[in-house]
Amino acid sequence: MLSRRIIPCLDVRDGRVVKGVNFAGLRDAGDPAELAARYESEGADELALLDVSATTDNRATALDCVRAVRRTLGIPLTVGGGVRSVDDALRLLDAGADKIAVNSAAVSRPELIAECAARFGAQCVVVAIDARHMEGAWRVMVRSGSNASGRDAVQWAVHSQSLGAGEILLTSWDRDGTRSGYDLDLIRSVASAVSIPVIASGGAAGPEDLLRAVQCGAEAVLAASIFHDRQFQISEVKEFLRQHQVEVRL
């Protein structure tokens, strides 16, 4: 059995970690490098850094922030936000990212997934899908969750895999920051439709939510608020999962 991964997420804006609800009402949550170091010491398996204003500001990801986090970090780092080309991805990798996450630009031009996979390998390409429940289906949201693309999230996940994505970072727009639990139906639907790992995101309130996400097919679980606010340490979450027969790295 593969070990399930615990991945803290740093949503970064103007060099600071921020957190909101439904992608809005952002509040300051700390310094990215300091939080990254803390999470690694607590047992994080990987870290995600998402520049949440890069797309809406029409700019590339802030490379200085990526470099600062990389200097403190020994675990794998996924970076996303504003990746529009292979060159953008290359700059992030040169700055210290191990994987790149694509979202809005890939929805507009799906060939970007294939181009990045061909250049860097599928294991390097994470397709981030922000899904909102609308009219009886999950629709892909773009531009930091502000616009609905019209794409079906499950179908987009399948198509992303066919283009060369190595992982899906699946965030529930409806649950983001609400601490009401992951959208288990969404996780189950996407995980059963693809064979690549699905990282569940959006809505975790405690270890029980991470357990339910894994039981619904998530290969990894991403959380932010519960770790930023020191409600739980990663080591506590891992011990809870282990006690419920989930394989984790201790």
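On inspection, Leu2 does not qualify as hydrophobic (A, V, I, L, M, F, W, C) and modelled with pLDDT of 90 or more. Within region 175-226, the set of residues being in a helix (DSSP H, G or I) and at pLDDT below 95 comprises Ser225, Ile226.
A single member of Ala29, Ala62, Ala89, Ala97 is more than 20 Å from Ser225 (Cα to Cα) and modelled with pLDDT under 85, and it is Ala62. Checking Val198, Val158, Val214 one by one, the residue that is over 16 Å from the mean Cα position of the chain (by Cα) and within 24 Å of Val102 (Cα to Cα) is Val158 and no other.
Collect the residues in region 123-138 that are surrounded by 19 or more Cβ atoms within 10 Å (Cβ to Cβ) and assigned to a strand (DSSP E or B), keeping them in residue-number order.
The first filter runs over region 123-138 and keeps only residues surrounded by 19 or more Cβ atoms within 10 Å (Cβ to Cβ), leaving 124-132, 138.
The answer is Val125, Val126, Val127, Ala128, Ile129, Asp130, Ala131, Arg132, Trp138.
Looking only at region 134-174, how many residues end up being among the aliphatic types (A, V, I, L, M), at pLDDT 95 or above and in contact with a helix residue (DSSP H, G or I) (Cβ under 8 Å, 6 or more places away or on another chain)? Adding up the residues that qualify gives 9.
Specify which of the listed residues (Gly150, Gly74) is in a strand (DSSP E or B) and farther than 21 Å from Ala200 by Cβ.
Values: Gly74 fails: in a strand (DSSP E or B).
Among Gly150, Gly74, only Gly150 is in a strand (DSSP E or B) and farther than 21 Å from Ala200 by Cβ.
Within region 176-192, at least one residue is in contact with a strand residue (DSSP E or B) (Cβ under 6 Å, 6 or more places away or on another chain) and among the small types (Gly, Ala, Ser). Selection over region 143-182 of residues that are under 23 Å from Gln123 (Cβ atoms) and buried (at least 24 other Cβ atoms within 10 Å of the Cβ) gives a count of 9.
The values are calculated or read from the model by the stated rules, or taken from the named source; none is laboratory data. Quantities reported herein were computed from a predicted structural model and do not represent experimental measurements. Note that each Cβ is placed from the backbone with ideal geometry, even for glycine, and that neighbours are counted across all protein chains shown.
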